[in-house]
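Some notes on the structure that comes next.
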Amino acid sequence: MKQSLTRYLLLQKRMLRRKSYLVMVLSVLLFIAALKGISMQDSGMATVVIYVEDGADATAVSFAEGFHNMEGIILYEFVDSEEAALLRVQDGTADEAWMIPANMQSLVDEYSNTGKLDTPITVYVREQNVIHYFLKEILQAHFFRHTSVNLLNSFSLEKIGISGLDPNEYVPDGNLFQLYNIGESDAVEQLNYNLMPLRGFLALWLLISSIASSMYYIYDCRNGLFIYWNTKSPFLREFLYHFLTIFDSMIIALIGLWVGGVFTDWRTELVSAFLYCMILVLFAMLLEKVMKSEKVIGVFTPVMITFAAIFSPVFVDLRSYKILQNLVPSFHYLKSNFDCYYYRGAFLYILCLLAILSFTKGREFYAISKYQRRAKR
């Protein structure tokens, strides 16, 4: 027992001395530090420049001032001319430019009466993407805030004979929403959008660690590391080899989650981390059994990581592809961390990997037995 423990400690030391593994660890630490630094700066998902035409009426001024103190993931900046706004969009320092017309009140009245605009608000974009449609919704909501005054008064005058109402008087103070995680009674703070994909990136990094561990094992076997390491359970030796590598990576990932501010609670994190460790260890064992070469694994690594990035909820959750999502190891980790229902899926994934490994081990045993019978003849 003491000799086996010494050997595993030496394996741990050997792993920590690998330059490629140290580069992986250093890269993820730098990545976490960079994300944390960016989240502390005044940065937004998009930048909008706003120009108010000369001679603007009171409604146009009020419309533009509504963006002055608006906090969120969109940055709003004001310029003095239309040319300056266009230049900002052209040189890429702004995503969109909004031209606020001087006769905004007439546009509000026109839309309130007819439901459409003959001369809509001009918007200049660098490219049409998802952010553009998001900004379009913000602009429409802000415009409707002003038209709602006319709509409210028209409705109240028609139905109850009262006019002169201002809907802004009925806006409640403070936040309308409070965030809670499922199963928790304490409210959580709004997370900076730069840190939102951190857990997904770390899940993919752990998957890369698992793939690297399978390559390390094949390399060590080829170079005779286990020649004098006789054991009654080669499966257990191989399991612990991968577990040591992935366990170190998981500790770093948990520290990164805590530093990044996306750590939930210890019980949830530890259970999800343990299940993901088991999945990754068995996944590494399966890779080496199926591919049997570092070069083959290296060729398919970009494919596996791309597949995992697409079908894991790192950026978006493609719920219409449930079957493909369940094939990805990182999917079960990212889902189970926020919903204990997915513990069952992770456990079934572990059982499936064990079944496949048992099948491959049985085939190897059958092939060896068949070869030995032929040799006796």
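Derivation of every value follows stated rules applied to the coordinates shown; laboratory data play no part. The structure presented is a predicted model; accordingly, all values stated were derived computationally and were not measured. Cβ: placed from backbone, ideal geometry, glycine included. Neighbour counts: every protein chain shown.
With a cut-off of 10 Å between beta carbons, the residues surrounding Leu135 carry a summed charge of -2, where Lys and Arg count +1 and Asp and Glu -1. Look at the Cα gyration tensor of the stretch 263-343: its axes a ≥ b ≥ c give a/c of at least 1.5 with a/b at or below b/c, and that counts as oblate. Shown is the FRET efficiency for Glu53 and Asp339, computed with R0 = 45 Å from the Cβ-Cβ distance and rounded to the nearest 0.05: 0.35.
For the listed residue pairs Lys19/Lys289; Lys13/Lys322; Lys36/Lys335; Lys289/Lys335; Lys36/Lys322, the alpha carbons are over 30 angstrom apart in Lys13/Lys322; Lys36/Lys322. Extension gain, Phe134 to Phe359, is 76.0 nm, computed as 0.36 nm per intervening residue step minus the present C-alpha separation.
The calculated FRET efficiency for Arg222 paired with Leu87, based on their beta-carbon distance and R0 = 51 Å, is about 0.25.
On the principal axes of its alpha-carbon atoms, the stretch 1-144 has extents of 87, 30, 26 Å, going from largest to smallest. Pulled fully out, how much extra length does the chain show between Lys13 and Trp266, if you take 0.36 nm times their separation in residues and subtract their Cα-Cα distance? Full extension of this stretch gives 88.3 nm more. Per-residue extension of 0.36 nm, minus the Cα-Cα distance of Ile73 and Ile305, leaves a gain of 80.6 nm for this segment.
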